[in-house]
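Nothing in this text is a laboratory measurement; each read-out follows from the coordinates by a stated rule. Since we're looking at a predicted model, the values are computed, not measured. Neighbour counts are summed over all protein chains in view; Cβ atoms, including those assigned to glycine, are modelled from backbone coordinates with ideal geometry.
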Amino acid sequence: MTDQPEPGRPDAPRLTTREAAELLGVKPETVYAYVSRGQLSSVRAAGGRGSTFDAEEVRALARRSGRREPSPAGGDLVFRTGITLIEEDRYYFRGVDATELARRHSYEEVAEWLWTGQLRPGVRFEAPPGTLAAARRTVGTLPAHSGSTDRLRVAVTAAAATDPLRFDLSPEAVLSSARSLIPTLVGALPVVGGASEGAGDSLARQLWPRLTARPADAPALAVLDAALVLLIDHDLAASTLAARVAASAHAHPYAVVSAGLGVLEGPLHGAASGLAHRMLQEAVDRGSAVPVVADHLRTGRRVPGLGHRLYRGEDPRARTLFALLEDVPQAAGALAAARGVVATTARHAPLHANIDLALAVLSVACGMAAEAGETVFAVSRTAGWIAHALEEYGERPLRIRPSGQYTGPRPPQPTP
């Protein structure tokens, strides 16, 4: 073990390459492969001969590797991030309980906190008129059956085309783009029925008439705003990883958001709330969750809205929204149905409610379409993707480069 400390950590013990390799149970060449993939950091040893490694970082990688202790997340790519921490059935944005932020602050305020570490009370995001007009025109060309995520992807592309400075990746430029892009995405969505727009209001108020024709009352609007906050980020979910890969290639922030939206539409990610909505609506219509859950179990289908790989108990995001939904009178029926789903399923499996079930209560209670939860998810998570892009732009470019394990026929093979 060497005596050279890591810059900024004067007491951190250091390992030589040989010591790190022994601890990991790999060859020295593999240690440097971990460095190239961003899984380990190294510091040049005194005199420029070899490298040294943080002992705790090496031990952490050893615990994650399949040789010793499998990673609980099921993967072996690890990125340093100062955005979200999930532990002991709670989660935090920059060290602050995310559920407390959702109860106390608006979506825009929490987005600013996530991006800059500073809270700006009363901040509002505004869409530039020209950008919004271009996004609306482009979205208007889509077929009537297009979904909200289709419209959001097109709106991002239109917004990017109107920004000639989109390749400026300085933090100031990226944040300026983000503050205009998010309200542009909301404003590009069509208004439902005869609802009034809500321009100049909070982002939640602007989004409401794009989700339902019913007027917004204060308790229901508070639930929507809290949902937007709670969904901003959730560590390295699939869409966030895609966004970071794009940022690693120094794609501009609009392209980063497009990458995230492409993954979000999967039924196992952002679109999962639609399945929960349909199930919950059926439970409300039938007056009981029992036959609905029974039908799912009988046909071998998973009961949507239950369970999360990162939480042993109830998803803290769902718990927060359920508490707020208690103050929404029209949500009583859907809330009772959701609790019936959890109680009925618990007889067969110890599963708890997740954020998708809570979103379904909001969408069913307020007359929203099944895809409303996906829309809320996509708009909200845009701020999280931007936060991760800001981090990734400061890392070594193209560091996210896993190695493939070739399983095809060995060469030489005859030319077809």
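The table for this structure:
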read-out	value
Simple label model, 7 Å out from Cα along Cβ direction - Ala144 to Ala60, nm	5.4 nm
The chain: mean projected area of Cα convex hull, nm²	25.9 nm²
Electrostatic dipole magnitude of segment 124-173 [Cβ: Lys, Arg +1; Asp, Glu -1; Cα centre; debye, to 20]	240 debye
Inter-label distance, nm, simple model (7 Å from Cα along the C-beta direction), Leu85/Glu22	3.3 nm
Filtered trypsin sites (Lys or Arg not before Pro), segment 20-64: DSSP coil and at most 14 other beta carbons within 10 Å	Arg49
Relative contact order for segment 272-365, counting Cα pairs under 8 Å that sit 6 or more residues apart, in percent	44 percent
The chain: most fluctuating residue of His296, His308, His388 per GNM, C-alpha cutoff 10 Å	His296
For segment 231-256 and segment 306-368, distance of Cα centres in Å	28 Å
Whether segment 186-310 is rounded, prolate or oblate, judged on the alpha carbon gyration tensor where a/c under 1.5 counts as rounded	oblate
Difference of contour (0.36 nm per residue) and Cα-Cα distance, His250 to Arg396	51.5 nm
Acute angle (nearest 10 degrees) that the helix 148-161 long axis makes with the longest principal axis of the chain, alpha-carbon atoms	60 degrees
Cβ-derived FRET efficiency at R0 41 Å, Val290 paired with Ala161, nearest 0.05	0.20
Relative contact order (%) - the chain, alpha-carbon pairs under 8 angstrom, separation at least six	17 percent
CD proxy at 222 nm, helix term only [per DSSP H run n ≥ 4: -39500 (n - 2.57); per residue of the chain; nearest 500]	-15500 deg cm²/dmol
Gained length - Ala33 relative to Ala349, 0.36 nm times residue gap less alpha-carbon distance	109.6 nm
